[in-house]
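**Student:** Let me give you the structure first, and then I'll get to my questions.
The values are calculated or read from the model by the stated rules, or taken from the named source; none is laboratory data. None of these values were measured; they are calculated from a predicted model. A quick note on method: Cβ atoms are made from the backbone with ideal geometry, for glycine too, and the neighbour counts reach across all protein chains shown.
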Amino acid sequence: MQKYSMVLIPLLFAGCMSMAPEYIRPNAPIPSSFDVNTSVQKSTLQDLAWEAFVREPSLQAVVAQALENSRNLKKAVANIEMARATYRVSKSAQFPSIDASATGSKARTISGESTAISESSSATVGLSSYELDFFGKVKSQSEASLQTYKGVEEAEKTVRIALIAETMNAWLNYAADKTLLTLAEQTKESAKRSLDVVQKRVDLGVDTKVSLFNAQSVYEQARADVANYTTQVAQDRSALELLVGAKVADVHLPKGLEEGAHAWLLDVPVGLSSGVLLNRPDVKEAEYNLKSANANIGVARAAYFPSITLTTKGGVGTNTLTGLFDGGTSKIWSFAPTVTLPIFDMGERDANLEYAKAKRELYLASYEATIQTAFSEVQSALSRRSTIFEQYEAQKALVEANAKSYAIYDARYQQGVDTYLNTLLSQRSFYSSQKTLINVRLEELANRVTLYRVLGGGIEQKSE
């Protein structure tokens with residue numbers, strides 16, 4: 001029984017106290033609510049799985065493919081595994097490492113004409129160099145590793161959310177440029193027909209070459225836009241496949257950004273309280289880093305106090321190799337405490353403590369700055385959200401008005417009661433307003449994606 005008490009005694013003294021200062025969450029240096037008119041919601045995006053936010057099946061498939069193949073996300077997951085292993089190593093230091101060993105020896109000695117053979121064997125169990133954590137140094141080290149590990153977990157969530165948002169934006173950009181390409185091709189065909197009509201009128205002497213040059217300018221502009229948007233569509237696909245980490249099937253690519261595209265994404269639920277920002281993964285990561293720095297102060301403070309290390313062993317021994325667990329064995333044990341008392345180190349401990357405190361202040365400032373950045377991002381996105389619908393409706397009405405204007409001027413020109421200049425100006429306005437409408441439609445969807453990201457949405461997944 002005595003040999004086991006040598007092993008269990010250190011457990012009675014471990015983790016007696018902690019020298020780390022008590023952690024108190026700093027007050028968020030932001031207003032308590034957003035300065036926009038939003039309705040109170042019972043839930044936020046942080047409770048919403050991304051599959052519920054994305055309603056378009058092809059976009060869902062592309063986002064799922066990105067989550068499966070993204071190298072950046074795989075690196076973030078690997079960082080989690082590394083941090084988890086580091087924490088387990090630090091945690092294990094709070095407990096003694098118990099080892100069992102068995103040794104045996106047999107020796108022959110010759111003295112003159114006599115020969116002697118000696119034998120011995122022993123079996124022991126015990127621990128080696130276990131530090132009694134009277135002042136909480138090992139406990140604080142473990143706590144610092146735990147908070148770092150939690151911070152890395154939140155960093156992975158930040159990468160995941162950013163990947164989902166960037167993939168959605170890339171897919172939507174492809175859809176918008178695809179629509180712009182189609183519009184440019186339609187305008188090019190329409191301008192070609194108008195150019196042919198003007199050419200015939202010039203040939204008949206009914207119209208001047210000025211009208212011909214005006215008609216040609218619209219056609220060439222549309223032709224240039226076709227070439228430009230063809231390039232944009234190809235580049236958009238390359239950017240999307242880079243994010244996804246694999247080739248995207250044609251069936252999962254959008255045909256265009258139709259008017260009904262507003263149903264592709266859920267309208268973002270937003271609450272009035274800015275306290276939701278405290279659950280954003282990057283904000284939580286910054287707070288975990290602050291907690292880790294706070295625990296490291298305990299490590300630095302504990303260095304001022306004595307370090308007590310124990311080495312213990314207990315077991316049995318015998319003078320024969322074969323009778324180790326038979327009768328005739330004797331009990332053996334050892335108990336070797338070591339006390340290390342710091343006396344003089346040229347201010348190294350003082351410097352380490354000052355460094356730990358300064359690092360805590362650094363992470364405190366980083367935490368507060370992260371909250372302020374989060375608030376600014378959400379405030380900006382909400383401000384745009386409050387006006388984007390009105391702009392879209394106004395732009396849609398402008399397109400309809402320009403379409404009617406162009407139709408009237410084109411008919412008047414065909415009947416010979418008006419010049420081609422008015423037709424040209426109305427056609428350009430119609431074409432320009434159509435392009436702007438597509439871009440506003442894209443911006444409205446991109447605004448939802450932005451709110452999804454800045455509010456920390458998509459943390460939960462149905463697949464998980």
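**Student:** Take the residues in the range 261-282 that are touching a strand residue (DSSP E or B) at 6+ places or on another chain (Cβ under 9 Å) and at pLDDT 80 or above; name whichever of them is farthest from Lys178 (Cα to Cα).
**Tutor:** Only one residue tops the list, namely Leu266.
**Student:** Quick check on Lys396: is it among the basic types (Lys, Arg), in contact (Cβ under 8 Å) with a residue 12 or more places away in the chain and either in contact with a strand residue (DSSP E or B) (Cβ under 7 Å, 6 or more places away or on another chain) or over 30 Å from Val440 (Cβ atoms) (or both)?
**Tutor:** Answer is no for this residue.
**Student:** Looking at the range 158-211 only, could you name the residues that are at positive phi and assigned to a helix (DSSP H, G or I)?
**Tutor:** Taking the range 158-211 as the starting set, the residues that turn out to be at positive phi are 205.
Selection gives nothing.
**Student:** Based on this model, can you work out whether Arg453 counts as surrounded by 15 or more Cβ atoms within 10 Å (Cβ to Cβ) and closer than 30 Å to Asp282 by Cα? Steps first, please.
**Tutor:** Numbers: surrounded by 15 or more Cβ atoms within 10 Å (Cβ to Cβ): yes; closer than 30 Å to Asp282 by Cα: yes.
When the stated conditions are applied, Arg453 passes them.
**Student:** Next question. Quick one: is Ser238 of a type in the set (Ser, Thr, Tyr) and touching a residue at least 60 places away in the same chain (Cβ under 8 Å)? Walk me through how you get there before you give the answer.
**Tutor:** Working: of a type in the set (Ser, Thr, Tyr): yes; touching a residue at least 60 places away in the same chain (Cβ under 8 Å): no.
When the stated conditions are applied, Ser238 does not pass them.
**Student:** Restricting attention to the range 340-356, which residues are charged (D, E, K, R), under 37 Å from the mean Cα position of the chain (by Cα) and either modelled with pLDDT of 90 or more or in a loop (DSSP other than H, G, I, E, B) (or both)?
**Tutor:** Listed by number, the list holds a single entry, Glu354.
**Student:** Assuming Asp236 fulfils every condition listed in (1) out of contact with any helix residue (DSSP H, G or I) (no Cβ under 6 Å at 6 or more places or on another chain); (2) part of a helix (DSSP H, G or I) apart from one, which condition is it?
**Tutor:** It fails just one condition, (1).
**Student:** Same structure again: Quick one: how many residues across the range 344-390 are closer than 24 Å to Asp267 by Cβ, loosely packed, with under 15 Cβ neighbours inside 10 Å and in contact (Cβ under 8 Å) with a residue 12 or more places away in the chain? Quick ask: steps written out before the conclusion?
**Tutor:** If we filter the range 344-390 for residues that are closer than 24 Å to Asp267 by Cβ, which is where we start, we get 374-390.
From what's left, loosely packed, with under 15 Cβ neighbours inside 10 Å: 376, 380, 383, 386-387, 389-390.
From what is left, the residues that are in contact (Cβ under 8 Å) with a residue 12 or more places away in the chain are 383, 386, 389.
The qualifying residues number 3.
**Student:** Then there is this: Of all residues in the range 399-455 being touching a residue at least 40 places away in the same chain (Cβ under 8 Å) and charged (D, E, K, R), which is farthest from Leu212 (Cα to Cα)? Even if it seems obvious, please write down each step before you answer.
**Tutor:** Filtering the range 399-455 for residues touching a residue at least 40 places away in the same chain (Cβ under 8 Å) gives 410, 414, 416, 419-421, 423-424, 427-428, 431, 434-455.
If we keep only those that are charged (D, E, K, R) as well, we get 410, 428, 435, 441, 443-444, 448, 453.
On the way: Asp410: 14, Arg428: 15, Lys435: 25, Arg441: 34, Glu443: 37, Glu444: 39, Arg448: 45, Arg453: 51 Å.
In this case the residue turns out to be Arg453.
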